[in-house]
Amino acid sequence: MLARDAPPGDFESLLRRAGGLPLGSDRMDRLHHAVRTALDIRATAEQQRRRESALAALVDTGRDIFRHKGLDERLDVVTRHARRLLGLDMAYVSLRIADGGSYVHNSDGDTTALNVGLAMDPGRGLGELAQDRSAPYWTADYLADDSFPHTEEIDAVVRSEGLHAVLAVPMSSGGRMVGALYGASRAVRHFSPDEVSLLRLLADLSAPAIEATRRMDGVRSELARALAENTRLDEDLAAARCLAEAQTTLSGMCLEGRSLHDIVRYAAGALGGDLAVQDAAGRVLAGTGEPPRTDTATIVRSVVDSRESASAVRLADGLWAAQVATGVEGPGLLVCRPGEAFGDERRSLLHFTAQTVATVLLRHDLATAAGPIRDDYLDDLLSGASGAPRHLAERAHRLGLDPASDHVMVVLRPEGKQGEAAIWASSYAYRHAGLKTVRRECLVLLLPGSDPSAAARGAVDELTALLGHAVSAGAAGPVHDFASADTAYREAVRCLDTLIAIGGRGGVAAAGDLGFLGLLVSDDHDVEAFVATAIGPVLDYDRQRATDLVRTLDAYFASGGSPSRAALELHVHTNTVARRLERITDLLGADWQQPATALEIQLALRLQRAREAVRRP
């Protein structure tokens, strides 16, 4: 029966048949012993066959592993064969991380997407224990076993996969820990020593191949990075050579006296896009293809940004721009619409081209109209140090101005950043054939025209839209010769100060716009006498007694004649206001609250406030 490899049932059947025969007890004992011995021999032979089969399977697995080159493919072979060798429901491999811990790289037999990529903290879970101890570690029921440290993440995966028995064996190569190989069943299971040994053999067989693959992948990655870096350096070197060549060519063209159009045409080809040179008024001086255009506000902002960064700046719609810093009239802009990616080299070339364009413009067109010269001329006019009328006219004609035509003076007081406003003023004066300067943190414009209010309103509207906050303006004129410019300037400043004093911030005012307050802009009107007549006794009383009767009058009229509301405004008791009003009645007379007298008093109060504002240093 052993020779023909009879199944265990045949031996049991033999004993049953022998029991029905008259063999005697001695012979039956010997038969039982022979059957047990035969079954032991058969079990040993079966175990040997299984081992031989497993070893053969391991050899096949080794061949299969080395037939594949990639890490993922090799790990897929390992997990697939591990399941088949031990009859497992699931097998997976975790790989060690250089700074500690590991993560699940491959899995076979999983039913959820939670397993692959799962991170395992150092010293947590069976795989980490197996690697730390360099020995297999297993449990018949993972979630119910508290003999090892658990983590919520690993427990969640075990629970979602419905796993119970888990076996982990370390994977090492050349004394270096690579990771761990896991086998798992969805039923409670006690792994035999042969099963543990078999999975350990599979791990030992596959670990060198896995480590070699990882090292090779690392070498390939480093090589790829080195090649990419080398390619980038080659590209940077080529771009730098092209940039240097283009800059050399542009410099040569400028020295040769080539035209602005020639320079722009060459630069457009080197930049790979369309170019446009715009002056401060937004006019295109030269361009290629379909020249990109920008509005005046964009020009002003871009000039500021480009000047502050000393480089090209990005605009809307994919445009790039660089300041053309000519130092004349208002700064211009070189705008590019690139036809391809606009890297650092192209931005540098655009900035260099803008400098070249500025040199050409300075040399050819703007040598006699330098902005600082125009500013100096207006400064001289305002200071009264400009010389005789004939000398004034000669300087004006050299700057392209007509001193015999009417001009108006506009003084603008913007809030916030002054640099951008000053650049705008250069552009605005250039576009309107006027002059500009900066005084007392205000922009001063001398513009052709006869309507000071209209000129101021146009300037305020444009500058307010550019800055995004309030701009106030005072205006005067027209002046019929530049010798009167200083007088017009002082009048415009007084109009502006008066406007601010009466709460007109963000408005525009010439003398004619101020109504009775126009008294303030001229020394020919006796404003002081009017104020003294209306509220002089109250002013004297406050000055002599250090009281607040004038403030009380202001608050009383502002509150509509209500003592209680005036008291709230002044932060005093109502009785205090009542006593002050009685004192005012003593000083001004009993009829001071009559409509006509009250109006004069209110006008005098406003004039007094405005006078104080005008007279401040």
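Bear in mind that the values in this text are calculations on the coordinates, not laboratory data. Everything numeric in this text was worked out from a predicted model, so none of it was measured. Please note: Cβ atoms are built from the backbone with ideal geometry, for glycine as well, and neighbour counts cover all protein chains shown.
Descriptive notes on the structure:
- Residue separation of Leu568 and Ala590 scaled by 0.36 nm, minus their Cα-Cα distance, works out to 5.5 nm of gained length.
- Values of log10 I(q)/I(0), in the order q = 0.16 Å⁻¹, for region 162-215 under a Debye, Cα-only, solvent-free model: -0.51
- Sorted largest first, the spans of the alpha carbon positions of region 371-521 along the three principal axes are 42, 34, 22 Å.
- For Ser472, the residues whose modelled amide H falls within less than 5 Å of its own, excluding neighbours fewer than 5 places apart on the same chain, are Arg413, Gly506.
- C-alpha long axis of helix 527-545 to longest principal axis of the chain, angle in °: 70 degrees
- Rg ratio (alpha-carbon, reference 2.2 N^0.38 Å) - region 257-364: 0.92
- Protection proxy ranking for 493-506, 401-414, using the average of other Cβ atoms within 10 Å per residue and placing the highest first: 401-414, 493-506.
- For the chain, the longest principal axis of the alpha carbon atoms and the long axis of helix 296-309 meet at an angle near 60°.
- Gained length - Asp194 relative to Ala325, 0.36 nm times residue gap less alpha-carbon distance: 38.6 nm
- Taken one residue at a time, the phi angles of region 473-485 give Karplus couplings (6.51, -1.76, 1.60, θ = phi - 60°) of 9, x, 9, 8, x, x, 9, 9, 7, 5, 5, 8, 5 Hz. Gly and Pro are set to x.
- Applying 0.36 nm per residue to the separation of Phe148 and Thr37 and subtracting their alpha-carbon distance, the gain on full extension is 35.8 nm.
- Judged by the mean number of other Cβ atoms found within 10 Å, the most tightly packed of the peptides 452-462, 98-108 leads the ranking 452-462, 98-108.
- Relative contact order %, the chain, counting alpha carbon pairs below 8 Å whose residues are six or more apart: 7 percent
- Spacing of the modelled spin labels on Arg80 and Leu223, each 7 Å from Cα toward Cβ, amounts to 2.7 nm.
- On Cα atoms only, tilt of 260-271 relative to the major axis of the chain in degrees: 20 degrees
- Ranked by how many other beta carbons lie within 10 Å on average, peptides 276-282, 314-320 from highest: 276-282, 314-320
- Ellipticity estimate at 222 nm from DSSP helix runs (n ≥ 4, -39,500 (n - 2.57)) divided over the chain, nearest 500: -19000 deg cm²/dmol
- Residues in region 567-575 carry Karplus couplings, in order, of 4, 4, 5, 8, 6, 10, 6, 4, 4 Hz; the curve used is 6.51 cos²θ - 1.76 cosθ + 1.60 with θ = phi - 60°, and Gly or Pro positions show x.
- Long-range HN-HN contacts of His407 with modeled amide H, under 5 Å: Gly449, Val479
- Applying a DSSP loop filter and a limit of 14 other Cβ atoms within 10 Å to the chymotrypsin sites (Phe, Trp or Tyr not before Pro) in region 112-206 leaves nothing.
- Average Cα contact separation per residue, region 527-615, under 8 Å, 6 or more apart, as relative contact order %: 33 percent
- The chain - share of DSSP beta bridges that are antiparallel (%, nearest 5): 95 percent
- Computed from backbone phi with θ = phi - 60° and the Karplus coefficients 6.51, -1.76 and 1.60, the 3J(HN,Hα) list for region 155-168 is 4, 5, 5, 4, 5, 5, 7, x, 7, 10, 7, 9, 10, 10 Hz; x is used for glycine and proline.
- Measuring spread by the Cα atoms of region 129-206 yields a radius of gyration and Dmax of 12.6, 36 Å.
- With the biggest extent put first, the Cα atoms of the chain measure 158, 86, 36 Å across the principal axes.
- Inter-centroid distance (Cα atoms) of region 590-605 relative to region 95-116, Å: 91 Å
- Take every Cα pair under 8 Å whose residues are at least 6 apart in sequence, average their separation, divide by the length of region 70-218, and the relative contact order is 24 percent.
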